[in-house]
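Asks: This is the structure I want to talk about, given as C-alpha cells.
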Amino acid sequence: MTVASRGRIDKRQAILAAAFTVFARRGYAEACVKEIAEEAGVAKPTVYNHLSDKENLFRHAIEAAADEVMAANLEVVERLREPGEDLRATLEDVAHRLVEVCCDERSRSLRRLTYGQVARFPELIDLVQARTADKVAEALADRLARLSLAGRLRSGDPSVASEQLLALLTGPLETRSRLGTREVPAAEMRAVSDAAVDTFLSAYAA
C-alpha cells in the first residue's frame, strides 16, 4: 500500500469517526457536514469527496461504529479461550466486560441512532444486528462449545446457550438503560452480569 493510499484510508476513518460523534451529539436531522468536517479537521469538500452526501456518510459512520463495537465484544469473548481453573469467575469477568461494552457511550449512541432513524434507514437494523449481535453470538457459541467438549459445561446446543446468555445480559440492560438513553450505574451493571451468570450456570454447569 502506498503512502498516499494509507493517508486516504486514515482520512476516511477520521471522517467516519467525526461523523459518528456529530450524529450522536446532534441527531441525524440536526447534524451538518460542515460541523463533521470541522470535527475531523478537514475541509468540507474533502468529506464529500470521500462519502458523496449526508445519507451515505451516516450509513458508513453507523457501519464503522458497529464494527468497532463488534471488535470490542469479540476481544472480550476471546478471554474464554483459556478460562483457567475457576470457570465461574471467568464467566463473570466476561459477562461484566460485555455489559461494559454494551453500556459505553459508543454502543448506546449506536443503538439510539439506529432506532431513531429506522424509518429513513430501515436497512441499518439488519446491518447493525449482523455486525454486532450475530457475530458476537457466533463467537460465544464457539467458546461455549469448546467448554462443553472439555466437560466444563453441560452438553447441548451451543448456539442456544450463547443466545440465552446474551439475552440474560442484554434484556435487563435495555430496560435499565431505557433503550440506551440512560447511563447504567456500575453497581447495576455488575448486578446484571452476576445474575446472568448465576442463571446460566444453573442450567449449563456440568
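The values are calculated or read from the model by the stated rules, or taken from the named source; none is laboratory data. Model, not experiment: these values are computed from the prediction. Heads up, the Cβs are rebuilt from the backbone with ideal geometry, glycines too, and the neighbour counts pull from every protein chain shown. These accessible areas exclude ligands, DNA and RNA; they are computed on the full protein's heavy atoms, side chains included. Shrake-Rupley method; radii C 1.70, N 1.55, O 1.52, S 1.80 Å.
Asks: Using only the Cα atoms of segment 59-124, build the gyration tensor, take square roots of its eigenvalues as a ≥ b ≥ c, and label the shape rounded, prolate or oblate: rounded if a/c is under 1.5, else prolate if a/b is larger than b/c, else oblate.
Replies: prolate
Asks: So, one more: Identify the GluC sites (Glu not before Pro) of segment 66-150 meeting these criteria: DSSP loop state and at most 15 other C-beta atoms within 10 Å of the C-beta.
Replies: Counting only loop positions with at most 15 other Cβ atoms within 10 Å, the GluC sites (Glu not before Pro) in segment 66-150 are E85.
Asks: Let me ask you something else. Would you list the membrane-span-like helices of the chain, meaning whole DSSP H runs whose alpha-carbon atoms span at least 20 Å along their axis and whose mean Kyte-Doolittle value is at least 0.5?
Replies: 87-103
Asks: Here's another thing I want to ask about it. Can you find, among Q164, G41, A24, the residue farthest towards the positive end of the dipole of the chain? Put +1 on the C-beta of Lys and Arg, -1 on that of Asp and Glu.
Replies: Farthest towards the positive pole: G41.
Asks: Also, I was wondering about something else. Would you mind getting me the FRET efficiency between Y48 and V118? Use the beta-carbon distance for r and R0 = 22 Å, nearest 0.05.
Replies: Efficiency, from the Cβ-Cβ distance: 0.30.
Asks: Nothing charged except the Cβ atoms of Lys and Arg (+1) and of Asp and Glu (-1): what's the magnitude of the dipole of segment 58-204 about its Cα centre? Round to the nearest 20 debye.
Replies: 320 debye
Asks: I would also like to ask the following. GNM on the chain, C-alpha springs below 10 Å: top fluctuator among T114, T132, T46?
Replies: With Cα springs under 10 Å in the chain, the top fluctuation among T114, T132, T46 is at T46.
Asks: Then there's this: Can you tell me the accessible area per residue over the chain, all protein chains present, probe 1.4 angstrom, in square angstrom?
Replies: Dividing the accessible area of the chain by its residue count gives 52 Å².
Asks: In terms of modelled amide H atoms, which long-range or inter-chain residues lie less than 5 Å from the amide H of R154?
Replies: A205, A206
Asks: Using only DSSP helix segments of four residues or longer, with each worth -39500 (n - 2.57), what per-residue ellipticity at 222 nm results for the chain after dividing by its residue count and rounding to 500?
Replies: -24500 deg cm²/dmol
Asks: Pairs K11/K54; K11/K34; K34/K135: which exceed 24 Å Cα-Cα?
Replies: K34/K135
Asks: Do any GluC sites (Glu not before Pro) in segment 157-206 lie in a DSSP loop with no more than 16 other beta carbon atoms within 10 Å, and if so, which?
Replies: In loop regions of segment 157-206 (DSSP not H, G, I, E or B), the sparsely surrounded GluC sites (Glu not before Pro) are E183.
Asks: Under a point-charge model restricted to the Cβ atoms of Lys and Arg (+1) and Asp and Glu (-1), what is the dipole moment magnitude of segment 1-92 relative to its Cα centre, in debye to the nearest 20?
Replies: Dipole size: approximately 560 debye.
Asks: With a cut-off of at most 14 other beta carbons within 10 Å, and DSSP calling the residue loop, which trypsin sites (Lys or Arg not before Pro) in segment 18-127 qualify? Please list them.
Replies: Passing sites in segment 18-127 are R120.
Asks: With contacts defined as alpha carbon pairs under 8 Å and 6 or more residues apart, what's the relative contact order of the chain in percent?
Replies: Contact order relative to length: 21 percent.
Asks: Something else: Once each part is reduced to its C-alpha centroid, what is the distance from segment 134-204 to segment 47-106 in angstrom?
Replies: 15 Å
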